[in-house]
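Novice: Below you will find the structure I want to go over with you.
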């Protein structure tokens, strides 16, 4: 699959191999990127976590009473700890942005391991309809990463942001 993607980038789109390792131009950073990351809404992280990786929508399965009760009985207070860490990271990043910092998607990598651990605790074997969504969300993630990597975007843009930029 990687070889197909490389063929597409190098042969079909005629991009030089150096474009896979290049950084954005200074003019792009000055005119677009810096301005762009300063003028994002305060809820940016809480929304974009799900837009850039829709697999995290499965966290909302925790709202089902049976799933929540089973998780609490099986894993105890670790569930509360994971949710607390995720919320503290996202809230801290939001406050940083409100106080004059930038909103950049790479910052949420601090919460990724805890989101993944939380998702691994959910008993998906009892919720069969989620497998259909899993396939769609995985395909979405795969295409999003290929698109962003193929066009050398300075950060991971969601498809919605890319449409708005054009």
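Novice: Could you count how many residues in region 40-62 are in a helix (DSSP H, G or I), without any contact (Cβ under 8 Å) to a residue 12 or more places away in the chain and farther than 17 Å from residue 133 by Cα?
Specialist: Residues meeting the conditions: 1.
Novice: Name the single residue that is nearest to the chain's Cα centre (by Cα) among those in region 67-78 being in a helix (DSSP H, G or I) and loosely packed, with under 11 Cβ neighbours inside 10 Å.
Specialist: The selected residue is 69.
Novice: Considering region 90-109 alone, what residues qualify as being more than 15 Å from residue 50 (Cα to Cα) and at pLDDT 85 or above?
Specialist: Result: 91, 92, 93, 94, 95, 96, 97, 98, 99.
Novice: Counting only residues that are part of a helix (DSSP H, G or I), over 18 Å from the mean Cα position of the chain (by Cα) and surrounded by 12 or more Cβ atoms within 10 Å (Cβ to Cβ), how many does region 81-101 have?
Specialist: 3
To keep it simple, each residue is scored yes or no on (1) farther than 30 Å from residue 116 by Cα; (2) surrounded by fewer than 17 Cβ atoms within 10 Å (Cβ to Cβ); (3) at pLDDT 75 or above.
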residue	(1), (2), (3)
11	yes, yes, yes
17	yes, yes, no
29	yes, yes, no
37	no, no, no
49	no, no, yes
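Novice: Does region 102-120 hold any residues that are assigned to a helix (DSSP H, G or I), within 19 Å of residue 58 (Cβ to Cβ), under 15 Å from the mean Cα position of the chain (by Cα) and touching a residue at least 24 places away in the same chain (Cβ under 8 Å), and which are they?
Specialist: Matches in region 102-120: 108, 114, 115, 119.
Novice: Here are some residues: 114, 60. Which one is surrounded by 15 or more Cβ atoms within 10 Å (Cβ to Cβ) and at pLDDT 80 or above?
Specialist: Exactly one of 114, 60 is surrounded by 15 or more Cβ atoms within 10 Å (Cβ to Cβ) and at pLDDT 80 or above, namely 114.
The values are calculated or read from the model by the stated rules, or taken from the named source; none is laboratory data. This one's a predicted model, so the numbers in the text were calculated from it and none came from an experiment. With ideal geometry, Cβ positions are generated from the backbone for all residues, glycine too; neighbour counts draw on all protein chains shown.
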